[in-house]
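For reference, the structure is listed below as structure tokens.
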Amino acid sequence: MEISVIGAGHVGLVTGACFADLGHRVVIVDNDAKRIAGLKKGAMPYYEPGLEELVLRGIREKRLTFTTSMKEAVDKTTIIFIAVGTPQKATGEADLAYVENVARSIAEHLPGYRLIVEKSTVPVQTGKWVHHTIKTYLKKKHPFDVASNPEFLREGSAIQDIMKPDRVVIGVESERAKKLLTELYKPLGVPIVVTDIASAELIKHASNSFLSMKISFINAVSQICERAGADVEQVAHGMGLDPRIGRSFLNAGAGYGGFCFPKDVEAFIKISETFGYDFELMKAVRNVNEHQKRSFAQKVQKALWVVRGKTIGVLGLAFKPNTDDMRYAPAIDVIEYLEGEGAAVQAFDPQAMHEAQKLLPNVKMCKDPYEAARGADCLVIATEWNEFKELNFTRIKKLLKQPLIVDGRNIYDPDRMKKLGFRYIPIGRGRHEAH
Ligand code: UDX
């Protein structure tokens, strides 16, 4: 198939590269000329495991090309995926200006039948507006379809998530669109859920909101565990074995971050408001998350008694492992709080230090975890990178001014840390809290 993907961001680039790997001819469009020039030479705009290899293979085998020209893409391809950003406005709702722009541009260049597919996370009824926009700006009355095909990829495992998804959701309004999209996805051999466009749009927002709710729920439970002397890891395990609940996304921690959950929860609250429904439950999900981030920073403060003049080593900056993405990373909130209290922060992250330095100019970036621990009064774990799970703790202990670890991701065994001589403070493990 001839496919174009508009937007070379976290969703568009991986999606396009995966389609190319499945044997389709794909052109990826972005108006960022520097990004496109880089991609043509094989330079990735962000870190995602396996992406570089996939893109290079696509380029080599001439199935994957890049351009800044919408005309070129619309001319050449039958299926056009819109994967541009839908950032959050100051008011919380999704900014759909990029989506509208792309829709107008598609309309202006449309040379014949095209299927236009929303891939970006958009509020319900965006499909209707995209359809309306294209119809309004069409130069000649060519037939076209609009469809919704939300993406569920997670950063860090994006390729696997696209190639082996749990399900593919397609929202369509014509047989032609349904046929094209089912043909495209059939080779994946996974369930394809066909719905109307509005339902597909809602499936995406509702799924992300539900997952955020799971995290906030367990984070709230972690607060009770700490106060009641219970262990949130044991509680999550016991709950998770019930298939109606499931263990995944029940990891208590320093709060959720990233460019999806915080933004989508906020957008979902706003959409509901637009339709006259006060989604109080989602407001609580957001508030619990804000509280959890603050409470984690206060844990560090409490463990140190006085923060002013102390040095704090932070391991992990990205909003989660296997990415260099710093957007809405809980580490930012925690570090800003501690700096505000007068601490000097030194940090290490395997991928995100370059991005992080732009947002956290006062943090001293270190070359490895040991440098981040050197001379620090406390070591804080903010992201659960695998390489932090097996450190040389004898060395870490010698480097720290005092053997104190505050773990916002519960990556260590409390009994082991105690045996190694650390004062170890995890999240929601009341039994192990060293007060
Ligand atoms: C998420 C959705 O999982 C994905 O389906 C959607 O397409 C985009 O949003 P992503 O933001 O890449 O993906 O990361 P995810 O792995 O879901 O983690 C999001 C945040 O939740 C991270 O900050 C992570 O640390 C946090 N989290 C996740 C927890 O705190 N506890 C958990 O149990 C799981």
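Give segment 238-248 a look and list any residue that's in a loop (DSSP other than H, G, I, E, B) and within 15 Å of the ligand (Cβ to nearest atom), or say none.
So the first thing to find is which residues in segment 238-248 are in a loop (DSSP other than H, G, I, E, B), and the list is 241-248.
Scanning segment 238-248 gives 245, 246, 247, 248.
Could you run through segment 277-324 and say how many residues are out of contact with any strand residue (DSSP E or B) (no Cβ under 6 Å at 6 or more places or on another chain), within 16 Å of the ligand (Cβ to nearest atom) and open to solvent by 10 Å² or more (accessible area, probe 1.4 Å)?
Of the residues in that region, 13 qualify.
Has segment 222-237 got any residue that is part of a strand (DSSP E or B) and either in contact with a strand residue (DSSP E or B) (Cβ under 9 Å, 6 or more places away or on another chain) or over 30 Å from residue 15 (Cβ atoms) (or both)? Lay out the reasoning, then the answer.
Just the residues of segment 222-237 that are part of a strand (DSSP E or B), to begin with: 231.
If we keep only those that are either in contact with a strand residue (DSSP E or B) (Cβ under 9 Å, 6 or more places away or on another chain) or over 30 Å from residue 15 (Cβ atoms) (or both) as well, we get 231.
Looking through segment 222-237, at least one residue is part of a strand (DSSP E or B) and either in contact with a strand residue (DSSP E or B) (Cβ under 9 Å, 6 or more places away or on another chain) or over 30 Å from residue 15 (Cβ atoms) (or both).
Out of the residues in segment 378-435 that are aromatic (Phe, Trp, Tyr) and in contact with an Asp or Glu (Cβ under 9 Å, 6 or more places away or on another chain), which is farthest from residue 298 (Cα to Cα)? Let's see the steps before the verdict.
Just the residues of segment 378-435 that are aromatic (Phe, Trp, Tyr), to begin with: 385, 388, 393, 412, 422, 424.
In the following step, the residues that additionally are in contact with an Asp or Glu (Cβ under 9 Å, 6 or more places away or on another chain) were identified as 385, 424.
Numbers: 385: 23, 424: 15 Å.
Restricting to residues being aromatic (Phe, Trp, Tyr) and in contact with an Asp or Glu (Cβ under 9 Å, 6 or more places away or on another chain), the top hit is 385.
Within segment 143-175, how many residues turn out to be in a loop (DSSP other than H, G, I, E, B) and acidic (Asp, Glu)?
If we filter segment 143-175 for residues that are in a loop (DSSP other than H, G, I, E, B), which is where we start, we get 143, 149-157, 164-167, 172-174.
Among the residues that remain, those that are also acidic (Asp, Glu) are: 151, 155, 166, 173.
Residues meeting the conditions: 4.
Taking residue 121 as meeting all but one of (1) crowded, with 19+ Cβ neighbours inside 10 Å; (2) at pLDDT 95 or above, write down the number of the exception.
(2)
Which residue, of 140, 135, 178, 186, is open to solvent by 30 Å² or more (accessible area, probe 1.4 Å) and part of a loop (DSSP other than H, G, I, E, B)? Steps first, please.
Values: 135 fails: part of a loop (DSSP other than H, G, I, E, B); 178 fails: part of a loop (DSSP other than H, G, I, E, B); 186 fails: part of a loop (DSSP other than H, G, I, E, B).
When all the criteria are applied, what remains is 140.
The values are calculated or read from the model by the stated rules, or taken from the named source; none is laboratory data. Just so it is clear, the structure is predicted and the values come from calculations on it, not from any experiment. Note that each Cβ is placed from the backbone with ideal geometry, even for glycine, and that neighbours are counted across all protein chains shown. Accessible surface is based on the protein model in full, side chains and every heavy atom, while ligands, DNA and RNA are left aside. Shrake-Rupley method; radii C 1.70, N 1.55, O 1.52, S 1.80 Å.
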